[in-house]
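The values are calculated or read from the model by the stated rules, or taken from the named source; none is laboratory data. Since this is a predicted model, take the numbers as computed values, not measurements. When we count neighbours, we look across all protein chains shown, and the Cβ atoms used for this are built from the backbone with ideal geometry, even at glycine. To get the accessible areas, we keep the full protein, side chains included, count just its heavy atoms, and leave off ligands, DNA and RNA. Shrake-Rupley method; radii C 1.70, N 1.55, O 1.52, S 1.80 Å.
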Amino acid sequence: MDTNLVLGGKEFSSRLIVGTGKYSSMEVMKEAHEASGAEIITVALRRVSLPSGESILDHIDTTRYTLLPNTAGCYTADEAVRTAYLAREAGLGELVKLEVIGDSRTLFPDVEALLQATRTLAREGFTVMPYTNDDPVAAKKLEDAGAACVMPLAAPIGSGLGVRNPYNIKIILETVSIPVIVDAGVGTASDAAIAMELGCDGVLMNTAIAGARDPVAMARAMKLAVEAGRLAFRAGRIGKKLYASASSPIEGVPDWATS
């Protein structure tokens, strides 16, 4: 029997976290959420209000899904902390995906500012889920700063390049004792499966689903990929060998049986 993903003292049976941006319509978004089987949905605080005047929250069943407000678009620690405070005051809870961007072209995080914001928010009682580089040293520092998990990128946000450095992810898994959730860069189902086969505790994605030709079908594919990857990790893969190894070995079998 597998254990559930635990964040902020709450258990989740799904290890797939999905977003709300870039969908062609709110109806498609809702159908994709349903197909994904996700229990946590992340919402950028700066996109809560839509041009029509309605809120994206009007299209999410908050009795069914746990909202994960994020600080997307923040470029300083103070700005990210202030955004998290606003989310809590708005009744969105203390679970927060912390983003502090350091470069507008690559959208890579500013690790120094991220650490600063993590310390502040953890001290204030938030369950901090920081988006970070695939850097084991930074991951350990974030754990020491009070992060509830670490969320290393697989590749740049929205790139769809997949897990570019699985070895760093494996080292992060060995370095920290908190959950590791791959965030950013997933492009298709095999990418999600690879992340889970490495031993990651979950995968967060948005563009890979919302930008697919059929977002609802892709959401279901991601659900199955995360489940398959987790099961494969727990099953334990065979070791890699340079040469062939027969499925029906003949060592020890009498000569007359093979003639």
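The one condition from (1) open to solvent by 30 Å² or more (accessible area, probe 1.4 Å); (2) at pLDDT 95 or above that residue 165 does not meet is (2).
Right, residue 125: on the phi > 0 side of the Ramachandran plot, without any contact (Cβ under 8 Å) to a residue 40 or more places away in the chain and more than 17 Å from the chain's Cα centre (by Cα) or not? Criteria met by residue 125. Residues of segment 112-126 that are crowded, with 19+ Cβ neighbours inside 10 Å and hydrophobic (A, V, I, L, M, F, W, C): 113, 114, 115, 117, 121, 126.
Please find, within segment 5-40, the residue that is nearest to the chain's Cα centre (by Cα) out of those that are exposed (fewer than 13 other Cβ atoms within 10 Å of the Cβ) and not in a strand (DSSP E or B).
It comes out as 13.
Would it be correct to say that residue 175 is more than 22 Å from residue 106 (Cβ to Cβ) and among the polar types (S, T, N, Q)? Yes, satisfied.
Scanning segment 92-108 for residues being in a loop (DSSP other than H, G, I, E, B) and open to solvent by less than 20 Å² (accessible area, probe 1.4 Å) gives a total of 2. Taken over segment 179-200, the criterion of being more than 15 Å from residue 134 (Cα to Cα) and in a loop (DSSP other than H, G, I, E, B) is satisfied by 187, 188.
When the criteria are applied in full, residue 55 fails the requirement of being open to solvent by 70 Å² or more (accessible area, probe 1.4 Å), among the polar types (S, T, N, Q) and over 21 Å from the mean Cα position of the chain (by Cα).
Among residues of segment 136-156 that are over 13 Å from residue 173 (Cα atoms) and in contact (Cβ under 8 Å) with a residue 60 or more places away in the chain, those with a Cβ under 8 angstrom from a residue that is β-branched (Val, Ile, Thr) and open to solvent by 20 Å² or more (accessible area, probe 1.4 Å), sequence gap 6+ or separate chain, pair up as 148/127; 148/178. The residues of segment 66-91 that are farther than 27 Å from residue 156 by Cβ and not in a helix (DSSP H, G or I), listed by number, are 90, 91. The residue that is farthest from residue 161 (Cα to Cα), among those in segment 190-203 that are in contact (Cβ under 8 Å) with a residue 40 or more places away in the chain and buried (at least 24 other Cβ atoms within 10 Å of the Cβ), is 202.
Restricting attention to segment 68-90, does a residue exist that is under 22 Å from residue 208 (Cβ atoms), of a type in the set (Asp, Glu) and open to solvent by less than 60 Å² (accessible area, probe 1.4 Å)? Looking for residues that are under 22 Å from residue 208 (Cβ atoms), of a type in the set (Asp, Glu) and open to solvent by less than 60 Å² (accessible area, probe 1.4 Å), one finds none in segment 68-90, hence no. Of the residues that sit in segment 128-162 and are among the polar types (S, T, N, Q) and either more than 19 Å from residue 44 (Cβ to Cβ) or surrounded by fewer than 19 Cβ atoms within 10 Å (Cβ to Cβ) (or both), which one is farthest from the chain's Cα centre (by Cα)? Here the answer is 159.
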